[in-house]
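Contents: one structure, followed by commentary.
The values are calculated or read from the model by the stated rules, or taken from the named source; none is laboratory data. If you're wondering where the values come from, they're calculated on a predicted model, not measured in any experiment. Glycine gets a Cβ as well: all are built from the backbone with ideal geometry, and neighbour counts include every protein chain shown.
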């Protein structure tokens, strides 16, 4: 009996292997253009990825159609979860290719974008990353674009900010094995040493993935007594780090990267989060464009309708921008072909929520402005913009 | 390194070691009786963290704490009943694989129920009071952890050496089948062992997370593995051994970071394990076991 | 037990092989449309190598090792470092540059893959000397420890100029054709079957059944154990190298304990001691994760949203299924038996009989 069921089970599963994998395209009454949403919804970056998805979904409700050759196409979003994991990202990206998407938006977290890059390039599908800041994402890949700034820029911005505020020495904490954290940390070190003189970064510490105890690292840093601590990391580790630092009596400012602009950090770190400084892409108090003004009012309603908080995360704004950029390119290309959209993206000029977007020859948005924010009274407060030429 | 920094590191190490020790005792007890590496132990510890997050959001801490302890004990015994008991006569490998499966399940369940985002651990104001002694700065819980660990282990040793159930536990760990023949209710003893192990994990979890302040689905994975190493280090099956192992590990790891080798703090744990296994496989306090044919 | 004619069996096997090649060829011809299916199948094939290698160690020699991820990392990094095109390297090692001796060192894929396997085997040899003296669970935890040590070394900033530390490696050239992964997987698994069926393989099984008795029979325990371990490490390294080519970008986080657990679960699902079980297990497990994807999306039934269906549910279901297999189906799909046409045939005969028994009239004996 057991054997019988076993074999039957295997047979059924093997059969469905072939039927299950290849989605049958249904007969379509109206013309549809598919755009893939390649974002983490679980795993380490699940939270941030979801915020980005919300921005994209909202953009889809604002601009549900696009005109190609005089015909109206409905834009259909195909969402896949890349689980913030490179191995999963490869399969997730392939599933988008199989689904026949014309373009892809994603992803939050540079690692998964780097992993998926060659797959999209091979399939000639252009991808626009809303918030992947690592230079490797677009490097050597014609089909990858991004609407945010890069880590070398961000590292320089934070180093500039620290120096301008009187910091002479800095300590850097990065996550071992994480390209975002290590990369940004390393760019900060370079910039800070350049601005403040060699040896200004007096301490560089690493921690492990899933590590929860930072006291030993922080004690080391406390002993060196830096003027500022730069700790680019995921939102999972940030509150741990901040709270433990304050408990050890470290009072110097702690700075982070763009990932830190997330309400989770304030919720978890509570009063200890006060005074945290970070750089980000967008600020809702200063709408840079008309698009931004309408986005802010509309998206706030959308957030409340979806049971989210009131604050607009910068990554949602970038997700929105990535969506309208692709739509603009589709219009310009007058085609649903990936290669044509890619060519159009190169020349496209879009006025988005986070400013106007044009791409350089690598596919990076020409952005030279970052928003510095500080946590005050449990809120992210806009501090200043920093421009680096 | 000046003296104050050295002291601060020692404090960190001892407090970390204390929390490790409590979890390691759970490992060692289960191993002593079932010869099973309970891979899910670290995840029980993590679940205890989540129980506290939810319990304390609706009631004061003096009510929440016992509820968390009870819930964790129930979880531990339930896991034993569901996942290990059916495999009592199976080869050791199957039951170990089952333990890995439970660990996998608990992590996925936590991700599903509580999302991957970290949750802030409730601040128990009484434990969280920050002390400043000269240049040293630490919260009360940092001081309490090692003391409480020592006290609990002492009580546990008394229990095992002087109570009836303790005697039964020792009998079962010496010889499973003979103990059964002598009329000891094996299943009750095993459940009791899991209950104590989970209770210690829950207490350890309160101390550990109060000190570290957030819980996420994988926060049990690394401490779990490390505490198993601590248990092996001390000689698996030996309760004082597990405690000593926990402290060695906590202090060693902190010392390594203090010397600037934070990259290798995890590797250190395992190097220690392997060195120990090669030169003294029975651990510091373990007894020599001969193989039976 | 009824048997089929030998010729029929050979014919069936050849037909299956032809069907598989044809299916692959078809998928290859429509690459874009089926790239998802192709990638699932490729990943399954790679996991199948690792699973069979683990099975050889665990199911056939009785050594419970949890070091797979570490040895896969060695293979993967070897292949990646040596096959990334020279002109891309400055770009990949964008933070600290590449070590001088590596800058122009490049090997063809095949050579790099074999070298990856050899290096993994070499490390396996040195790891095996102390570790293989340990018994069951101690061995498991020690190998797991080694795997973590390997990972820590790879990620260490001190090796930035070789492994690119935390920044990971990318621009690894892809498979030249869809068949490559399956071809290599086929060869590897075939080699392992040959080893298992050789006199060495019989010695492995003897060790698994009873070490003391095996020793009494004159089997050199340490020699055979370390042989099994080294061979297993070699193929695990090859699987790792293939994984690097499949993923095209790797970092140390890819090779965490979770990867070992995945492979372990494949072996358990297929049955400890069954090679065909491991192969089929690899395909079922990899594809199963993808089929279960619909659990992650909100399900609407007549305007009512089923509350359980949301992100993360898939993995819960997946782990529950695995627990069910471990607990109630301890032997896995195949136990320690292999898939044979005879078993398949008998299965259908019994199935037919059962169906007939339910219907009143009894059929004839069948025409065999």
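Is it true that some residue in the range B:200-216 is assigned to a helix (DSSP H, G or I), surrounded by fewer than 18 Cβ atoms within 10 Å (Cβ to Cβ) and under 19 Å from the mean Cα position of the chain (by Cα)?
No: the range B:200-216 contains no residue that is assigned to a helix (DSSP H, G or I), surrounded by fewer than 18 Cβ atoms within 10 Å (Cβ to Cβ) and under 19 Å from the mean Cα position of the chain (by Cα).
Would you pick out the residues in the range C:87-105 that are touching a residue at least 12 places away in the same chain (Cβ under 8 Å), touching a helix residue (DSSP H, G or I) at 6+ places or on another chain (Cβ under 9 Å) and within 14 Å of another protein chain (Cβ to nearest Cβ)?
Within the range C:87-105, C:89, C:91, C:92, C:93, C:94, C:95, C:96, C:97 meet the criteria.
Does at least one position in the range C:106-123 carry a residue that is in a helix (DSSP H, G or I), within 14 Å of chain B (Cβ to nearest Cβ), surrounded by fewer than 24 Cβ atoms within 10 Å (Cβ to Cβ) and at pLDDT 90 or above?
Checked against the condition, which is being in a helix (DSSP H, G or I), within 14 Å of chain B (Cβ to nearest Cβ), surrounded by fewer than 24 Cβ atoms within 10 Å (Cβ to Cβ) and at pLDDT 90 or above, the range C:106-123 yields at least one hit.
Could we say that residue B:46 is modelled with pLDDT of 85 or more, within 12 Å of chain A (Cβ to nearest Cβ) and under 30 Å from residue B:166 (Cα atoms) here?
It is true that residue B:46 is modelled with pLDDT of 85 or more, within 12 Å of chain A (Cβ to nearest Cβ) and under 30 Å from residue B:166 (Cα atoms).
Between A:327, A:383, A:345, which is over 21 Å from residue A:77 (Cβ atoms) and either surrounded by fewer than 16 Cβ atoms within 10 Å (Cβ to Cβ) or in contact (Cβ under 8 Å) with a residue 60 or more places away in the chain (or both)?
Just a single option satisfies the conditions, and that option is A:383.
With respect to residue A:275, is the statement that it is within 21 Å of the chain's Cα centre (by Cα) and not assigned by TED's automatic domain parsing to the domain that holds residue A:136 true?
Judged against the criteria, residue A:275 is not a match.
Does residue B:54 satisfy the condition of being free of Cβ contacts under 8 Å to residues at least 40 places away in the same chain, under 20 Å from residue B:110 (Cα atoms) and assigned to a helix (DSSP H, G or I)?
Yes; evaluated as a whole, the condition is true for this residue.
Being surrounded by 24 or more Cβ atoms within 10 Å (Cβ to Cβ) and more than 9 Å from every other protein chain (Cβ to nearest Cβ), is that true of even one residue in the range A:195-212?
no
Of all residues in the range A:248-265 being more than 15 Å from the chain's Cα centre (by Cα) and closer than 17 Å to residue A:227 by Cβ, which is surrounded by the fewest Cβ atoms within 10 Å (Cβ to Cβ)?
Checked the range A:248-265; the qualifying residue surrounded by the fewest Cβ atoms within 10 Å (Cβ to Cβ) is A:251.
Name the residue, out of B:222, B:233, that is over 12 Å from the mean Cα position of the chain (by Cα), within 14 Å of chain C (Cβ to nearest Cβ) and in a helix (DSSP H, G or I).
The conditions single out B:233.
Looking only at the range B:59-74, filter to residues that are surrounded by 18 or more Cβ atoms within 10 Å (Cβ to Cβ) and in contact with a helix residue (DSSP H, G or I) (Cβ under 6 Å, 6 or more places away or on another chain); which one of those is farthest from residue B:46 (Cα to Cα)?
Among those that are surrounded by 18 or more Cβ atoms within 10 Å (Cβ to Cβ) and in contact with a helix residue (DSSP H, G or I) (Cβ under 6 Å, 6 or more places away or on another chain), it is B:64.
Kindly state which helices (runs of 4 or more DSSP H) lie completely within the range C:182-290 and contain at least 1 residues that are under 12 Å from the mean Cα position of the chain (by Cα), more than 14 Å from every other protein chain (Cβ to nearest Cβ) and closer than 26 Å to residue C:325 by Cβ.
Ranges flagged: C:221-247.
Return yes when residue B:137 is at the interface with another protein chain (Cβ under 8 Å from one of its Cβ atoms), farther than 28 Å from residue B:225 by Cβ and not in a loop (DSSP other than H, G, I, E, B) and no when it is not.
yes
What number of residues within the range A:123-140 are modelled with pLDDT of 90 or more, within 12 Å of chain C (Cβ to nearest Cβ) and farther than 15 Å from residue A:179 by Cβ?
Summing the residues that are modelled with pLDDT of 90 or more, within 12 Å of chain C (Cβ to nearest Cβ) and farther than 15 Å from residue A:179 by Cβ in the range A:123-140 gives 3.
Being touching a residue at least 40 places away in the same chain (Cβ under 8 Å), in contact with a strand residue (DSSP E or B) (Cβ under 8 Å, 6 or more places away or on another chain) and more than 24 Å from residue C:257 (Cα to Cα) is the requirement here; does residue B:11 meet it?
Taking the combined requirement at face value, the residue satisfies it.
Every residue, every condition in (1) more than 14 Å from chain B (Cβ to nearest Cβ); (2) under 30 Å from residue A:98 (Cα atoms), yes or no:
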{"position": "A:264", "(1), (2)": "no, no"}
{"position": "A:281", "(1), (2)": "yes, no"}
{"position": "A:285", "(1), (2)": "yes, no"}
{"position": "A:301", "(1), (2)": "yes, no"}
{"position": "A:309", "(1), (2)": "no, no"}
{"position": "A:316", "(1), (2)": "yes, yes"}
{"position": "A:334", "(1), (2)": "yes, yes"}
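Considering each residue of the range C:266-280, count those that are farther than 18 Å from residue C:190 by Cβ and either in contact with a strand residue (DSSP E or B) (Cβ under 7 Å, 6 or more places away or on another chain) or modelled with pLDDT of 90 or more (or both), and give that number.
2
Do we have residue A:339 as without any contact (Cβ under 8 Å) to a residue 24 or more places away in the chain, surrounded by fewer than 23 Cβ atoms within 10 Å (Cβ to Cβ) and part of a helix (DSSP H, G or I) here?
No.
Look through the range C:322-350, keep the residues that are in a helix (DSSP H, G or I) and either facing chain B (nearest Cβ under 10 Å) or in contact with a strand residue (DSSP E or B) (Cβ under 7 Å, 6 or more places away or on another chain) (or both), and return whichever of them is surrounded by the most Cβ atoms within 10 Å (Cβ to Cβ).
Per the criteria, the residue is C:326.
Is it fair to say residue A:117 is surrounded by fewer than 24 Cβ atoms within 10 Å (Cβ to Cβ) and within 13 Å of chain C (Cβ to nearest Cβ)?
Judged against the criteria, residue A:117 is not a match.
Looking at residue B:110, is it assigned to a loop (DSSP other than H, G, I, E, B), buried (at least 20 other Cβ atoms within 10 Å of the Cβ) and more than 17 Å from the chain's Cα centre (by Cα)?
No; evaluated as a whole, the condition is false for this residue.
Quick one: which of A:156, A:72, A:91 is more than 9 Å from chain C (Cβ to nearest Cβ), in contact with a helix residue (DSSP H, G or I) (Cβ under 6 Å, 6 or more places away or on another chain) and either surrounded by fewer than 23 Cβ atoms within 10 Å (Cβ to Cβ) or part of a helix (DSSP H, G or I) (or both)?
That would be A:156, the only listed residue that is more than 9 Å from chain C (Cβ to nearest Cβ), in contact with a helix residue (DSSP H, G or I) (Cβ under 6 Å, 6 or more places away or on another chain) and either surrounded by fewer than 23 Cβ atoms within 10 Å (Cβ to Cβ) or part of a helix (DSSP H, G or I) (or both).
Just checking, which of B:117, B:63, B:109 is free of Cβ contacts under 8 Å to residues at least 60 places away in the same chain and within 12 Å of chain C (Cβ to nearest Cβ)?
B:109
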